[in-house]
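Novice: Shown below is the structure under consideration.
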There are 2 protein chains.
Amino acid sequence: MQPPIIILMNTQLGENIGMCARAMLNCGLDQLRLINPRDGWPNKSATATAADADQVIDSTQCFNTLEEAISDCHQLYAATARPRSRQIPALPVFDAIGRILALSETDNEQQSAILFGPEASGLDNESLSRADALIHFPMNPKFNSLNLAQAVLLFGWEWMRLQSKTSNTQSDNRPLPDNPASKNDLIAFLDRLEVELDTGGFFLTPELRPDAIRNLRAIFNRATPSEQELRMLHGVITALKTHRP
Amino acid sequence: MQPPIIILMNTQLGENIGMCARAMLNCGLDQLRLINPRDGWPNKSATATAADADQVIDSTQCFNTLEEAISDCHQLYAATARPRSRQIPALPVFDAIGRILALSETDNEQQSAILFGPEASGLDNESLSRADALIHFPMNPKFNSLNLAQAVLLFGWEWMRLQSKTSNTQSDNRPLPDNPASKNDLIAFLDRLEVELDTGGFFLTPELRPDAIRNLRAIFNRATPSEQELRMLHGVITALKTHRP
C-alpha cells in the first residue's frame, strides 16, 4: 500500500513546514510536496522545527503548480475548515481515509494525496476544483480553526489508526472504479474538453466560464474515471465533434 | 459529564502553553491548569499563540505543586512517550478515555485530569507516582516524540471522538450532491448521449455497443449529477455537436 502524499500549497512560514514534517513522521508518513512556499526551499526554519524528521525534509519535492504536484497521483483530497463547495463531496477525515484504504485494497499502486492550503486563507476555489473530495476535521464548531501542523497531525493520526484496524474501517458504499486514471490524464482530458467547448461556443460569457469549468471538473472528479473510461470519454468527444447535423 | 482537566507541569515556553490552549478549545476542552510554568503566568507569548482561545487562557489556574493542582480531581492520567513504570498501568489513549467515560457514567461528578510534563524531559518519577494510570499515544515507533501541544491535541481529539461515538450511532456520510437529478432525467440524458454517439459513429461494431453503453452509464451514475449539472452536460453535448472542424 502506498501511504498518502502530503502537499502543502503556498505555505508562508518555514517553521510550519518543519512542524508538518515532524507530525508526518510521527505518523509514519514521509512523502512531502510543496507548491511555491513563500520563503523558498530548502528553508532553515523548517529544518529547525522538524526536530530530526530529516528523512522527510531531505526528500521533500518542490513544485510550481498544483497540476505538476499531483500529476502522478490518482486521488486528491483537499483539507478545508468548512466545506464550501456544492459540487465536491465533503467527507469527515474518517470517511476520506476509508475511501483511500478501500481503493488501495483493490489496487496497490494507487497513489492518494492530501492538499493543505496556506495558513491564513486556506485553499482557493481554483485549487479545490482539482479535488475528488474535501476533507474536514470535525472540531468544536465554535472554535474550529486548526493550526496547519495540527491538521496534518490529525490526518496522519487517523491514517495510522484506521489503517491498523482495517477490519473496522467505515466503508463508503460508493462504487470505485478498479483502476482510476492518473491525475495527469484526467487533467489532460478536462483541458481538452475545455478547448472543445470553447470552440463549440459552450461558455456564454467569459464571466460564467470559471464557474462552469469548476462544475465540469467536479462532475468528472467525482466519477473518478479509470484509464479505460477516460479513453472512452475522449472517444465521446471525438464522436460528438464529427457529428453531421 | 465533567470534561477532563488538562494539567501542564513545569512547561518551559509560554508559546507552548498557548498552543495547548488553542488545541484544547478546538476539541471543546476549556479547563487548563499550570504547575510552576518556567516563565510565569499570565504570559504574553501564551496569549499570542492561543489564537483567540481566550476563554481557556482567562480561566487558567496556576499552582505550585501537583498535589494542589489535583486536589479536587478523582482520576489522574499521566502522559508519557514511553511507559516506564512497572507499578502503574499503562494504557493507550483510547483505553484511558474509555475508562474516564465509564467512570463518568456511574458518577456524573467524577473529575478526571490529564497531566503533561515539561517539553524536554517529560514527567519525573515522583509525579508519575501520583497517577492512576499512564497514557501513551501509539505513534511511529521509530519517531515517537510528540510536541507538547500535539500530544494535548491528540488527547482532545480522541476525547471528542470517543465521547460522541458513545452517544451517536455512526451515520452514513456517503457524499452526494445537494440535489441529485432524478433517475428519470439521468436516463434521458444517457439515452440522448447514446443517440448522438450512434450518429457520430462512436460504436465501432454492434457487438461492442452493449458493453460500451454499460461503461458510459457507470461513469455518469457514479458521478451522481445534480439537476443543474445534468443541464450542463446536455449543454456539453450540444456544444460539441455544433463544433466546426
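The values are calculated or read from the model by the stated rules, or taken from the named source; none is laboratory data. Note that the coordinates shown come from a computational prediction; the quantities given were computed from them, not determined experimentally. Neighbour counts are summed over all protein chains in view; Cβ atoms, including those assigned to glycine, are modelled from backbone coordinates with ideal geometry. Please note that ligands, DNA and RNA were not included when accessible areas were found on the heavy atoms of the full protein model with its side chains. Shrake-Rupley method; radii C 1.70, N 1.55, O 1.52, S 1.80 Å.
Novice: Here's a check for you: in the stretch B:193-207, which residue that is open to solvent by 30 Å² or more (accessible area, probe 1.4 Å) and assigned to a helix (DSSP H, G or I) is nearest to the other protein chains (Cβ to nearest Cβ)?
Specialist: The qualifying residue nearest to the other protein chains (Cβ to nearest Cβ) is B:199.
Novice: What number of residues in the stretch B:2-21 are under 21 Å from residue A:81 (Cα atoms) and surrounded by 24 or more Cβ atoms within 10 Å (Cβ to Cβ)?
Specialist: Of the stretch B:2-21, the ones under 21 Å from residue A:81 (Cα atoms) are B:18-21.
If we keep only those that are surrounded by 24 or more Cβ atoms within 10 Å (Cβ to Cβ) too, we end up with B:19-21.
Of the residues in the stretch B:2-21, 3 are under 21 Å from residue A:81 (Cα atoms) and surrounded by 24 or more Cβ atoms within 10 Å (Cβ to Cβ).
Novice: So residue A:188 fits all but one of (1) at pLDDT 90 or above; (2) crowded, with 17+ Cβ neighbours inside 10 Å; what number is the exception?
Specialist: That leaves (2) as the condition not met.
Novice: For residue A:29, indicate whether it is part of a loop (DSSP other than H, G, I, E, B), in contact (Cβ under 8 Å) with a residue 40 or more places away in the chain, within 14 Å of another protein chain (Cβ to nearest Cβ) and open to solvent by less than 10 Å² (accessible area, probe 1.4 Å).
Specialist: So residue A:29 passes the test.
Novice: Restricting the search to the stretch A:147-164, which residues are more than 11 Å from chain B (Cβ to nearest Cβ) and open to solvent by 30 Å² or more (accessible area, probe 1.4 Å)?
Specialist: A:163
Novice: Considering only residues of the stretch B:208-245 that are basic (Lys, Arg) and over 19 Å from residue A:235 (Cβ atoms), which is nearest to the other protein chains (Cβ to nearest Cβ)? Even if it seems obvious, please write down each step before you answer.
Specialist: Initial filter on the stretch B:208-245 (basic (Lys, Arg)): B:209, B:214, B:217, B:222, B:231, B:241, B:244.
Next, from what is left, pick out any that are over 19 Å from residue A:235 (Cβ atoms): B:231, B:244.
Values: B:231: 10, B:244: 8 Å.
Taking the candidates together, the pick is B:244.
Novice: Residue B:183: open to solvent by 50 Å² or more (accessible area, probe 1.4 Å) and at pLDDT below 90, yes or no?
Specialist: Yes, satisfied.
Novice: Suppose the filter is in contact with a strand residue (DSSP E or B) (Cβ under 8 Å, 6 or more places away or on another chain) and at pLDDT 95 or above; does residue A:75 pass it?
Specialist: Values: in contact with a strand residue (DSSP E or B) (Cβ under 8 Å, 6 or more places away or on another chain): yes; at pLDDT 95 or above: no.
Against the criterion (in contact with a strand residue (DSSP E or B) (Cβ under 8 Å, 6 or more places away or on another chain) and at pLDDT 95 or above), residue A:75 does not qualify.
Novice: Picking from A:113, A:23, A:81, A:69, which residue would you name as being within 14 Å of another protein chain (Cβ to nearest Cβ) and modelled with pLDDT of 95 or more? Before you say what the answer is, go through the steps one by one.
Specialist: Working: A:113 fails: within 14 Å of another protein chain (Cβ to nearest Cβ); A:81 fails: modelled with pLDDT of 95 or more; A:69 fails: within 14 Å of another protein chain (Cβ to nearest Cβ).
It is A:23.
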